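Working notes for the structure below.
The values are calculated or read from the model by the stated rules, or taken from the named source; none is laboratory data. It should be emphasised that the depicted structure is a prediction, and the values quoted were computed from it without experimental measurement. Neighbour counts run over all protein chains shown; Cβ positions are idealised from the backbone, glycine included. These area figures cover heavy atoms from the full protein model, side chains too; ligands, DNA and RNA do not enter into them. Shrake-Rupley method; radii C 1.70, N 1.55, O 1.52, S 1.80 Å.
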Amino acid sequence: MKKLRCVLLDDELPGLAYLKMLCGQIPALEIVQAFNDPLLFLEKRDELDFDLCITDIEMPGIDGLSLARALKGKLVIFVTAYKEHAADAFEIDAIDYLTKPIKLDRLEKAVQKCLTVFEKQTAAPQFLRVNTDKGKSFLYFSNVSMISTAEQDSRDKKVMLSDGKQMLLKNMTFDFLLDSLPADQFCRVNKKDIVALSAVNHYTHSEVILKTATPDISVSLTETYRKEFLQKVASAGLIT
């Protein structure tokens with residue numbers, strides 16, 4: 001069974017302990033960490049690998065609604081003693097809204113909804129239809145080692161494939177590519193290069209070496225993108 005990695009958040013310790021106890025009885029959940037301070041959670045969120053946040057709404061420092069808006073791409077279930085926030089919660093695409101005292105069967109139903117949404121999200125296409133210098137083609141993510149700005153025209157992008165071949169994408173922006181590529185498999189490392197994490201051979205503070213069918217390729221790792229790169233290679237298990 002697929003498990004959802006979840007973070008729990010409630011500023012009241014008894015409520016947090018009760019929520020943790022309920023979640024521990026749901027086989028589909030794996031508790032990553034529990035917080036009673038929302039600001040501390042936001043400070044540490046980039047270090048955590050989680051799919052779902054189960055959070056209270058009325059908390060000191062930052063309310064749960066504002067917190068959920070900051071968790072782009074994460075599933076959210078609200079648990080609260082107040083019914084009046086329900087409309088706002090669903091406006092920001094919360095999966096469910098539970099009022100305290102929470103019952104186990106009601107929480108299980110909410111988690112099942114999350115699983116359904118998560119499975120749809122992770123069933124994303126594994127290729128992209130693109131325009132190339134040779135016509136329309138399919139760019140399969142698993143075959144990509146690196147994408148770079150083309151030297152002759154910055155509007156075009158040069159793709160280095162894992163077999164050593166190249167593909168020239170016509171009039172393609174990095175923003176579009178980063179939105180289309182699986183975020184956990186690719187990372188921008190400087191203004192001109194996106195790398196596939198699966199192609200990373202080794203790296204230093206300022207350089208990434210990619211293994212390819214041709215001799216290894218070296219690209220710069222700049223300060224702007226270093227933190228995100230290190231987080232992604234850690235999540236992918238590339239840091240030992």
Filter result (within 17 Å of ASP11 (Cα to Cα) and aromatic (Phe, Trp, Tyr)) within the stretch 75-108: PHE78, TYR82
First in the stretch 17-31 and free of Cβ contacts under 8 Å to residues at least 60 places away in the same chain and closer than 16 Å to VAL7 by Cβ, second anywhere and among the charged types (D, E, K, R) and open to solvent by less than 80 Å² (accessible area, probe 1.4 Å), Cβ under 8 Å, 6 or more apart: GLU30/ARG5
Residue within the stretch 84-97 that is without any contact (Cβ under 8 Å) to a residue 12 or more places away in the chain and of a type in the set (Phe, Trp, Tyr) present: yes
Qualifying residue in the stretch 163-180 (condition: among the small types (Gly, Ala, Ser) and open to solvent by 40 Å² or more (accessible area, probe 1.4 Å)): no
Test set (1) under 13 Å from CYS6 (Cα atoms); (2) modelled with pLDDT of 90 or more - LEU71 fails condition number: (2)
Of residues in the stretch 74-92 being buried (at least 16 other Cβ atoms within 10 Å of the Cβ) and of a type in the set (Val, Ile, Thr), the one modelled with the lowest pLDDT: THR80
Enumeration of residues in the stretch 93-103 that are open to solvent by 50 Å² or more (accessible area, probe 1.4 Å) and out of contact with any Ser or Thr (no Cβ under 9 Å at 6 or more places or on another chain): ASP93, PRO101, LYS103
Per-region count, the stretch 116-161, residues modelled with pLDDT of 90 or more, in contact with a helix residue (DSSP H, G or I) (Cβ under 9 Å, 6 or more places away or on another chain) and part of a loop (DSSP other than H, G, I, E, B): 0
Selection count, the stretch 35-69, where residues are out of contact with any Ser or Thr (no Cβ under 7 Å at 6 or more places or on another chain), in contact (Cβ under 8 Å) with a residue 60 or more places away in the chain and either within 13 Å of VAL79 (Cβ to Cβ) or surrounded by fewer than 16 Cβ atoms within 10 Å (Cβ to Cβ) (or both): 3
Filter result for the condition that a residue is surrounded by fewer than 17 Cβ atoms within 10 Å (Cβ to Cβ), under 27 Å from the mean Cα position of the chain (by Cα) and among the β-branched types (Val, Ile, Thr), over VAL144, VAL117: VAL117
LYS157 buried (at least 16 other Cβ atoms within 10 Å of the Cβ) and among the charged types (D, E, K, R): yes
